[in-house]
Amino acid sequence: MLYFNALFEPDTEKGGFVVTFPDFKWGVTQGNTEKEALDMAVGALQMIVDDYIENGQPVPTPRKLRGRKYRAVRLPGLQSAKVELYNVFLASGIRKAELARRLDIPSPNIDRLFSLRHQSRLDQLEAAFKALGKELTIDIRDAA
């Protein structure tokens, strides 16, 4: 799972928390309580990352920031795999048409593999990683 740090700052004027994402060039949300702000942060993070992908920009590697105002915001598993696939694809230097050819699928379907709004199947992502010379693995851990 991908975790990005979000900066939670108290809103001194209206109350609640304002949330920003230091790893990204833009993105802000807020909530009246810390829990509400965290829930809003997950949706904002998904929107920000999806926008980076739609615009062909690499999704930054999460930095390890420390401090009592930072909270880890986690992308869900499928979306984390899509982000990793997208970054591997960019690093490969091949075009979407070539990846589509390797997967024997229509070119427009490649955008769906990267889109966080589309519910791709895990076997499709696994095949795409393999076509890029990578292997998708799953790690199970005890919950914190």
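Some observations on this one:
- Subset tally (residues that are part of a loop (DSSP other than H, G, I, E, B) and within 11 Å of the chain's Cα centre (by Cα)) for the stretch 62-79: 3
- Test: residue in the stretch 79-102 that is under 20 Å from residue 137 (Cα atoms), touching a helix residue (DSSP H, G or I) at 6+ places or on another chain (Cβ under 9 Å), buried (at least 16 other Cβ atoms within 10 Å of the Cβ) and among the charged types (D, E, K, R): yes
- Residue match in the stretch 108-115 (condition: outside any helix (DSSP H, G or I), of a type outside the set (Ser, Thr, Tyr), surrounded by fewer than 16 Cβ atoms within 10 Å (Cβ to Cβ) and out of contact with any strand residue (DSSP E or B) (no Cβ under 9 Å at 6 or more places or on another chain)): no
- Filtered residues of the stretch 29-58 (kept if in contact (Cβ under 8 Å) with a residue 60 or more places away in the chain and of a type in the set (Val, Ile, Thr)): 49, 53
- The set of residues from the stretch 116-126 being closer than 19 Å to residue 59 by Cα and exposed (fewer than 14 other Cβ atoms within 10 Å of the Cβ) comprises 117, 118.
- The residues of the stretch 16-38 that are among the β-branched types (Val, Ile, Thr) and under 20 Å from residue 58 (Cα atoms), listed by number, are 20, 28.
- Of 42, 59, all but one fail to be in the same structural domain as residue 17 (by TED's automatic domain parsing), part of a loop (DSSP other than H, G, I, E, B) and under 17 Å from the mean Cα position of the chain (by Cα); the exception is 59.
- Scanning the stretch 100-127 for residues that are hydrophobic (A, V, I, L, M, F, W, C) and more than 21 Å from residue 51 (Cα to Cα) yields 100, 103, 105, 122, 127.
- Some residue of the stretch 11-23 being out of contact with any Asp or Glu (no Cβ under 8 Å at 6 or more places or on another chain), assigned to a strand (DSSP E or B) and either surrounded by fewer than 14 Cβ atoms within 10 Å (Cβ to Cβ) or at positive phi (or both): no
- Within the stretch 121-144, residues that are in a loop (DSSP other than H, G, I, E, B) reach partners that are surrounded by 10 or more Cβ atoms within 10 Å (Cβ to Cβ) with beta carbons closer than 6 Å, at six or more positions or on different chains, in the pairs 132/88; 132/92; 134/88; 136/126; 136/129.
The values are calculated or read from the model by the stated rules, or taken from the named source; none is laboratory data. Owing to the predicted nature of the structure, the values given are computational and were not obtained by experimental measurement. Counting neighbours? That spans all protein chains shown, and the Cβs are built from the backbone with ideal geometry, glycine included.
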